[in-house]
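Notes follow the structure.
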Amino acid sequence: MINKFNYRVAFYDVDSMNVAWHGNYVKFCEAARCDFLRGIGYTYDDMKNDGYAYPIVKMDFKFIAPAFFDDEISVEVILDEAETLLKLSYIISNAATGEVLCKAHTAQAAVRIDTRQTQFFLPECLSEKLKGIK
């Protein structure tokens, strides 16, 4: 399953050269990830209500070309793995031209909120929502 999320680069996202600051790409991926989770019917509030947090344990970005102020960007979210970790890939592109601007990957682990113990599996409450997606 590929989920697409569009975002317009705002003034507060850019540096003095009107280029989207590299640190904001984390925010772009987070917004797209939240949209992906909402789309499968399992939000961060649902995770918390089920007793789990899903912190990012790894992220990787490859910057290819810049995004500029007022560009509309498209963030594709691709499910890579949903066994021991929730692993997602992102392709960030210029929505108007299709030019790929950045490729990214994140990995999230399930952590029980009550014990703060990392789980080395994805809880069934998330696994069920992800069945048949990949």
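We did not get these values from a lab; they are worked out from the coordinates using the rules stated. Predicted model only: the values in this text are computed from it and were never measured. Counting neighbours? That spans all protein chains shown, and the Cβs are built from the backbone with ideal geometry, glycine included.
Quick rundown of the values:
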| read-out | value |
| --- | --- |
| Residue check for Tyr90: within 14 Å of the chain's Cα centre (by Cα) and not β-branched (Val, Ile, Thr) | yes |
| Residue within region 35-51 that is under 9 Å from the mean Cα position of the chain (by Cα) and touching a residue at least 24 places away in the same chain (Cβ under 8 Å) present | yes |
| Selection status of Glu76, in contact with a strand residue (DSSP E or B) (Cβ under 8 Å, 6 or more places away or on another chain), closer than 19 Å to Lys4 by Cβ, surrounded by fewer than 16 Cβ atoms within 10 Å (Cβ to Cβ) and not hydrophobic (A, V, I, L, M, F, W, C) | no |
| Options Gln108, Gln117; residue that is surrounded by 12 or more Cβ atoms within 10 Å (Cβ to Cβ) and of a type in the set (S, T, N, Q) | Gln108 |
| Pairs where the first residue, in region 88-111, is free of Cβ contacts under 8 Å to residues at least 60 places away in the same chain and the second is buried (at least 16 other Cβ atoms within 10 Å of the Cβ) and among the acidic types (Asp, Glu), C-beta under 8 Å, 6+ apart | Ile91/Glu76; Ser93/Glu76; Asn94/Asp71; Ala96/Asp71 |
| Restricting region 77-117 to residues that are of a type in the set (A, V, I, L, M, F, W, C) and in contact with an Asp or Glu (Cβ under 7 Å, 6 or more places away or on another chain), the residue that is nearest to Gly132 (Cα to Cα) | Leu88 |
